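The values are calculated or read from the model by the stated rules, or taken from the named source; none is laboratory data. Keep in mind it's a predicted model, so treat the numbers as computed, not measured. Heads up, the Cβs are rebuilt from the backbone with ideal geometry, glycines too, and the neighbour counts pull from every protein chain shown. The accessibility values were calculated without ligands, DNA or RNA, using every heavy atom of the protein model including side chains. Shrake-Rupley method; radii C 1.70, N 1.55, O 1.52, S 1.80 Å.
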Amino acid sequence: MARILVVEDEANIVQLISIRLGRLGHRIDSADNGITALDIAREIKPDLILLDVMMPQLNGFEVLQRLKA
């Protein structure tokens with residue numbers, strides 16, 4: 001199955017997504033801000049990133065731009 005990085009600052013949403021996708025057999029990692037998300041993404045090379053747009057420190061668009069660069 002896929003390795004998925006969930007980037008979301010609302011803990012309840014992370015928990016809901018993680019439980020749902022985990023039951024399908026996916027490996028879930030999470031980050032609650034853009035800076036942590038970049039560090040984790042570079043380290044684990046996830047198959048999919050579910051990225052919130054409105055987050056502290058770096059918003060989702062800034063994270064995406066840095067990942068593409």
* Grab the Cα-Cα distance for Q15 and N59, subtract it from 0.36 nm times how many residues apart they are, and report the gain in nm with one decimal. => 13.8 nm
* **Simple spin-label estimate for L67 and R3 in nanometres, 7 Å along Cα-Cβ** => 1.4
* Which of the GluC sites (Glu not before Pro) found in the chain are loop residues per DSSP with 12 or fewer other Cβ atoms within 10 Å of their Cβ? -> E10
* Structure fact -> With all protein chains present, the chain has a carbon and sulfur share of its accessible area (1.4 Å probe) in percent of 53
* Determine ³J(HN,Hα), in whole Hz, for all residues of region 19-31 in sequence, where each value follows from phi through the Karplus function 6.51 cos²θ - 1.76 cosθ + 1.60 and θ = phi - 60°; x replaces Gly and Pro. => 5, 4, 6, x, 5, 7, x, 7, 8, 10, 10, 9, 9
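Checking a compactness column here: for the chain, what do you get for Rg(Cα) / (2.2 N^0.38 Å), N being the number of residues?
1.03
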* **Probe 1.4 Å, accessible area per residue of the chain, Å²** => 68
* Structure fact -> Once Lys and Arg are counted +1 and Asp and Glu -1 for all other residues with Cβ under 14 Å from that of M1, the total becomes +2
* Asked: Roughly how tilted is helix 34-44, in degrees to the nearest 10 and between 0 and 90, from the longest Cα axis of the chain?
  -> 60
* Computed helical MRE - 222 nm, the chain, DSSP H runs ≥ 4 contributing -39500 (n - 2.57), nearest 500 -> -14500 deg cm²/dmol
